[in-house]
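Got a structure here, written out as structure tokens. Questions coming.
The values are calculated or read from the model by the stated rules, or taken from the named source; none is laboratory data. All figures in this text were calculated on a predicted structure; none of them were measured in a lab. Glycine gets a Cβ as well: all are built from the backbone with ideal geometry, and neighbour counts include every protein chain shown.
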Amino acid sequence: MGSVTSRIRTTLTAALTVVGLAAGLRGAAPLAIASEPVSEVHLDDPTGDVYAWPGQPPTGGRSVDLVATDIRRLEQRLVLRFTYDDLSRNGMRDWGVTFEIPRKHDHLYVTWTAGVDDQGTWSEYGWISRVDSADEFPVRCPALRGVADYGADTLTVRLPQACFPERGIVIEKLQAMGRRLDQGTEPVDSPFGDLDDPSGTRTPRLMAPAS
């Protein structure tokens, strides 16, 4: 099968007009799921749509407020590039991104995070868990990498093929999150728009371009 590239752009206007999102939901519109696999997906996300979890009033979005997300399915890896309105190393006590890859009998929960611990030590790390209906299991993936470019306000996460053997995947529950320095709230932003139920939207099926 030849490669099909999809650049899907969504806006808050489309969300309100097409699907009539409830007042408590903010962000981009749900994606129209493509009938054919794609190798790339682009998501736009309006600024100022960060909410403190769960269901609190809007909060500061530094190092959380996404403006775009680009996802590329390559032959040997999955690459996600998150563009922030303002990405700062010290914008939150800790901050990062999470997403899930659903599979037939379980799903993979992928997280990359950066920040300081209670002793003030800075760290950056990622991990993967395999979750089924009964339990959660760690997945060894030492090559999972995240690179923050604070000058460009971007975070790039690379997940090697060895950590998810499936050729075709979808991504759901994609969120940026943080923990504020001054309080215990947890700001959240999702390019899918529905913060109460981000699983309601997922990417089209992602497959690497044919070589």
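So, in segment 120-133, exactly how many residues are over 15 Å from residue 109 (Cα atoms) and among the small types (Gly, Ala, Ser)?
The total comes to 2.
To continue, here is another question. Can you run down the residue pairs with Cβ atoms below 7 Å, 6 or more apart or on separate chains, where the first is in segment 105-126 and over 15 Å from residue 146 (Cβ atoms) and the partner is small (Gly, Ala, Ser) and surrounded by 12 or more Cβ atoms within 10 Å (Cβ to Cβ)?
Pairs found: 109/129.
Would you be able to tell me the number of residues in segment 100-119 that are within 17 Å of the chain's Cα centre (by Cα) and among the charged types (D, E, K, R)?
Within segment 100-119, residues that are within 17 Å of the chain's Cα centre (by Cα) and among the charged types (D, E, K, R) number 1.
Pull up segment 47-64, narrow it to residues that are surrounded by fewer than 20 Cβ atoms within 10 Å (Cβ to Cβ) and modelled with pLDDT of 80 or more, then point me to the one that is nearest to residue 169 (Cα to Cα).
This residue is 47.
Follow-up. I'd like to verify a number: residues in segment 130-152 that are crowded, with 17+ Cβ neighbours inside 10 Å and in a loop (DSSP other than H, G, I, E, B), how many?
The total comes to 2.
Which count do you get for residues in segment 65-99 that are in a strand (DSSP E or B) and within 15 Å of the chain's Cα centre (by Cα)?
Selection size over segment 65-99: 20.
Rundown of residues vs (1) at pLDDT 90 or above; (2) over 20 Å from residue 43 (Cα atoms), yes/no style:
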site	(1), (2)
80	yes, no
96	yes, no
99	yes, no
111	yes, no
115	no, yes
124	no, yes
136	no, yes
145	yes, yes
152	yes, no
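Moving on to the next point. Out of segment 122-174, which residues are under 18 Å from residue 77 (Cα atoms) and of a type in the set (Val, Ile, Thr)?
Passing the criteria: 128, 139, 147, 156, 157, 169, 170, 171.
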